[in-house]
Amino acid sequence: MKRYLGGRIIVQRGDITQLAVDAIVNAANNTLSGGGGVDGAIHRGAGPLLADACRALGGCRTGEAKITRGFRLPAKHVIHTVGPIWEDGRHGEDDLLARAYDNTLKVALENGIRTIAFPCISTGAYRFPAERASEIAVGVVTSFIDTHDGIEQVIFCCFNEDDYELYIEAVEQFV
Ligand code: AR6
């Protein structure tokens, strides 16, 4: 685990469903009806009431974000966002990924969330190149927390060692 800016940014390896933070972020799809990867893990950890709560939200556009409770998870809330599916980088993917991070943080702030953990959105099933995604994620998060004191801590929760290394590099470029 690495801490930056007095602990305001943390880069760590691990399973996001284990984190007892105010909110964990789900890399969901437009239907919010569950799936594989981190989405599947979050639904398994939260239990079936999460799917009921998601159904009531009526889906989520790419780049937007919606909140539910965390149910049986240690996290109090889940913020569901939808990153872009990578095509070739010329279909607005960078901008959509940046909006997913930014809108998630806006929803967090509106709901009084102070501690939040992100997975590496879009870099699994949606095939967004991991290094490029890490730079976008870190760029948006550092500029957001710079201007919004309400967010006290952001954790970049990396499921694998490669992502962990990429995030350390990216954060060290920005801070
Ligand atoms: N904790 C933290 N990170 C995780 C975990 C976990 N428990 N499990 C996987 N990851 P993906 P996407 C990492 O595919 O690319 C779903 O089916 C994983 O290693 O979960 O945004 C949705 O329903 C990778 O780095 O999300 C959508 O249909 C990262 O999470 C679609 O996949 C994101 O990989 C979304 O695709």
>> One quarter of the convex hull surface, Cα atoms only: what value does that give for segment 2-174 in nm²?
In response: 8.7 nm²
> Long-range amide H contacts for residue 9: which residues qualify at under 5 Å (H placed 1.01 Å from N, peptide plane, sequence gap of 5 or more or a different chain)?
Replying inline: 4, 154
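In square angstrom, what is the accessible area per residue of segment 23-161 with a 1.4 angstrom probe? Display every interim value, and only then the final one.
Numbers: 6140 Å² over 139 residues.
I get 44 Å² per residue for segment 23-161.
Roughly how big is segment 2-174's charge dipole about its Cα centre, with Cβ charges of +1 (Lys, Arg) and -1 (Asp, Glu), in debye to the nearest 20?
Values: 17 positive and 23 negative charges, 159 e Å.
Using Cβ point charges on Lys, Arg, Asp and Glu, segment 2-174 gives about 760 debye.
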>> Within segment 125-147, name every residue whose backbone N is under 20 Å away from a label modeled 7 Å from Cα of residue 88 along the Cβ vector.
In response: 126-130, 132-133
> Taking amide H positions as placed 1.01 Å from N in the peptide plane, with prolines and chain starts having none, which residues 5 or more places from residue 69, or on another chain, fall under 5 Å of its amide H?
Replying inline: 78
>> Explain nothing, just the number: dipole magnitude of segment 1-69 about its Cα centre with +1 on each Lys and Arg Cβ and -1 on each Asp and Glu Cβ, in debye rounded to the nearest 20.
In response: 240 debye
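So if we plug the beta-carbon distance of residue 31 and residue 162 into 1/(1 + (r/R0)^6) with R0 = 30 Å, what FRET efficiency do we get, rounded to 0.05?
Numbers: r = 29 Å, r/R0 = 0.97.
Working from the Cβ atoms, E equals 0.55.
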> What ³J(HN,Hα) values, in whole Hz, does the Karplus curve 6.51 cos²θ - 1.76 cosθ + 1.60 give for segment 17-34 when θ = phi - 60°, with x put for Gly and Pro?
Replying inline: 5, 8, 8, 8, 10, 5, 8, 9, 9, 9, 8, 9, 10, 4, 7, 6, 9, x
>> Charges on Cβ only, +1 for Lys and Arg, -1 for Asp and Glu, centred on the Cα centroid of segment 2-174; of 168, 124, 58, which one is farthest towards the dipole's positive end?
In response: 58
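What percentage of the solvent-accessible surface of the chain, computed with a 1.4 Å probe over protein heavy atoms, is contributed by carbon and sulfur atoms?
Summing carbon and sulfur atoms, their accessible area is 48 percent of the total for the chain.
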>> Of 34, 143, 85, which is farthest towards the positive pole of segment 2-174's charge dipole, taken about the Cα centre with +1 and -1 on the beta-carbons of Lys, Arg and Asp, Glu respectively?
In response: 34
> Measuring from centroid to centroid over Cα atoms, what is the spacing of segment 1-65 and segment 110-138 in Å?
Replying inline: 10 Å
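The values are calculated or read from the model by the stated rules, or taken from the named source; none is laboratory data. Predicted model, so just to flag it, every value in this text is computed and none were measured. Using ideal geometry, Cβ is built from the backbone for each residue, glycine included, and neighbour counts are taken over all protein chains shown. Ligands, DNA and RNA are excluded from the accessible area calculation, which covers all protein heavy atoms including side chains. Shrake-Rupley method; radii C 1.70, N 1.55, O 1.52, S 1.80 Å.
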